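What follows is a set of notes on a single structure, which appears directly below.
The values are calculated or read from the model by the stated rules, or taken from the named source; none is laboratory data. What you see is a predicted model; the values in this text were computed from it and never measured. In this analysis, Cβ positions are derived from the backbone assuming ideal geometry, glycine residues included, and neighbour counts consider all displayed protein chains.
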Amino acid sequence: MTALWHEQQQMIEAGELTVDAFLDELEDFIAHQVHNVDLGNVQGDGKPVLDSLNAQCPMCGSDLAVTPRVIGCRACVFKFYPEVSGKMLSPGQIEALLTTGKTGVLKGFHSKKTGKSFDAALKLNNEAKLEFVFSRKPTRA
């Protein structure tokens, strides 16, 4: 393709082709290529698609702005990152956390300190900060 474009640029220099004609052909070529892209085998990155939430800010009750990496309140300082200790929360888990203030036990968190995986529930504390809630193991007698 680049060889053809180089040839056409030389034709423009020689006055045999106009810039507008070259750009029209280029636009048609790109439109044709984009139209023929096969998306059948394209897979995402495994992260849930989150473009809206059925939840309000847990601090002030205002609407939340949703981006792929952060959820933030439009009216106050509340911010929430959907990826927690190496685990991407699902949209349902995020909504549960924001509406009820907690989740059930979730598997697959990864500790930066120890390098080990762990399971825990999540909760929002009184300042709407995220905390882990670990299940208590029964004590042996």
### Task
Scan the range 101-117 and give yes if some residue there is outside any loop (DSSP other than H, G, I, E, B), under 19 Å from Q56 (Cα atoms), within 22 Å of the chain's Cα centre (by Cα) and not aromatic (F, W, Y), otherwise no.
yes
### Message
Go through the range 79-96 and report how many residues are out of contact with any Phe, Trp or Tyr (no Cβ under 8 Å at 6 or more places or on another chain) and under 19 Å from S62 (Cα atoms).
### Response
7
### Task
Starting from the range 69-95, take each residue that is in contact (Cβ under 8 Å) with a residue 12 or more places away in the chain and list its partners that are of a type in the set (D, E), counting only C-beta distances under 6 angstrom and pairs at least six apart or across chains.
R74/D63
### Message
Whether any residue in the range 23-37 is at pLDDT below 80, among the hydrophobic types (A, V, I, L, M, F, W, C) and assigned to a loop (DSSP other than H, G, I, E, B) is what I want to check.
### Response
yes
### Message
Taking the conditions exactly as written (outside any helix (DSSP H, G or I) and under 27 Å from R136 (Cβ atoms)), does G61 satisfy them or not?
### Response
no
### Query
Looking at the range 98-116, which of its residues are buried (at least 16 other Cβ atoms within 10 Å of the Cβ) and out of contact with any strand residue (DSSP E or B) (no Cβ under 6 Å at 6 or more places or on another chain)?
L98, L106
#### Entry: Pairs, first modelled with pLDDT of 90 or more in the range 98-112, second exposed (fewer than 11 other Cβ atoms within 10 Å of the Cβ), C-beta under 7 Å, six or more apart
V105/S135
### Task
May I ask you to verify whether L122 is more than 23 Å from C60 (Cα to Cα), surrounded by 15 or more Cβ atoms within 10 Å (Cβ to Cβ) and either modelled with pLDDT of 90 or more or not β-branched (V, I, T) (or both)?
no
### Query
Out of the residues in the range 69-80 that are at pLDDT 90 or above and either in a loop (DSSP other than H, G, I, E, B) or at positive phi (or both), which is surrounded by the most Cβ atoms within 10 Å (Cβ to Cβ)?
F78
